[in-house]
Amino acid sequence: QVQLVESGGGLVQAGGSLRLSCSASRSIFTANAVGWYRQGPGKRREWVAKISSGGNTNYGDSVKGRFTISRDSAKNTVYLQMNRLESGDTAVYYCGGMWSLDQYWGPGTQVTVSS
């Protein structure tokens with residue numbers, strides 16, 4: 001079993017920034033990949049960004065150039081730096097990771113961007 005816990009969400013004005021954290025109970029280096037996903041009101045969950053065990057990063061088109069995923073191996077934590085936030089970024093943000101063949105999710109953290 002792996003526990004993932006997100007933190008750092010909140011209310012921010014459009015154009016502002018937030019940094020989300022995802023703390024894992026197992027080494028993030030042993031995960032196939034760890035990523036961030038989000039689900040806005042009335043929308044399906046969508047993939048935002050991911051970082052592989054080798055450190056490669058990928059981003060969804062809607063956040064490319066504004067969001068940055070990174071990790072701190074000593075803390076088993078993955079971060080999502082979100083800049084130039086827009087109202088469309090309002091969502092519950094989830095951290096997800098796959099260890100072996102098992103997918104794990106955190107409970108999510110709410111991000112609300114006011115215009």
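The values are calculated or read from the model by the stated rules, or taken from the named source; none is laboratory data. No experiment lies behind these values; they were computed from the predicted model shown. Cβ placement follows ideal geometry from the backbone for every residue including glycine, while neighbour counts extend to all protein chains displayed. The accessibility values were calculated without ligands, DNA or RNA, using every heavy atom of the protein model including side chains. Shrake-Rupley method; radii C 1.70, N 1.55, O 1.52, S 1.80 Å.
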Does any residue of segment 9-16 turn out to be open to solvent by 80 Å² or more (accessible area, probe 1.4 Å) and either over 25 Å from Thr112 (Cβ atoms) or touching a strand residue (DSSP E or B) at 6+ places or on another chain (Cβ under 6 Å) (or both)?
yes
Segment 21-38 - residue that is within 18 Å of Pro107 (Cβ to Cβ) and among the hydroxyl-bearing types (Ser, Thr, Tyr) and, of those, surrounded by the most Cβ atoms within 10 Å (Cβ to Cβ)
Tyr37
Enumeration of residues in segment 88-106 that are open to solvent by 70 Å² or more (accessible area, probe 1.4 Å) and of a type outside the set (A, V, I, L, M)
Ser100, Asp102, Gln103, Trp105
Taking interchain pairs and intrachain pairs at least six residues apart, which have beta carbon atoms under 8 angstrom, with the first residue in segment 39-64 and on the phi > 0 side of the Ramachandran plot and the second surrounded by 15 or more Cβ atoms within 10 Å (Cβ to Cβ) and not in a loop (DSSP other than H, G, I, E, B)?
Gly55/Arg71
When residues of segment 60-83 are limited to those that are of a type in the set (Val, Ile, Thr) and assigned to a strand (DSSP E or B), the one surrounded by the most Cβ atoms within 10 Å (Cβ to Cβ):
Val78
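Taking Val12 as the residue in question, decide whether it is aliphatic (A, V, I, L, M) and in contact with an Asp or Glu (Cβ under 8 Å, 6 or more places away or on another chain).
No, not satisfied.
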Which pairs do you get when a residue that is of a type in the set (Lys, Arg), found in segment 25-36, comes within reach of a residue that is in a loop (DSSP other than H, G, I, E, B), reach meaning Cβ atoms under 9 angstrom, with the pair 6+ apart or on two chains?
Arg26/Gln1; Arg26/Val2; Arg26/Gln3; Arg26/Asn76
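Quick grid of which residues meet (1) open to solvent by less than 30 Å² (accessible area, probe 1.4 Å); (2) among the acidic types (Asp, Glu); (3) in a strand (DSSP E or B):
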site	(1), (2), (3)
Glu6	yes, yes, yes
Arg19	no, no, yes
Lys43	no, no, no
Ala49	yes, no, yes
Asn58	no, no, yes
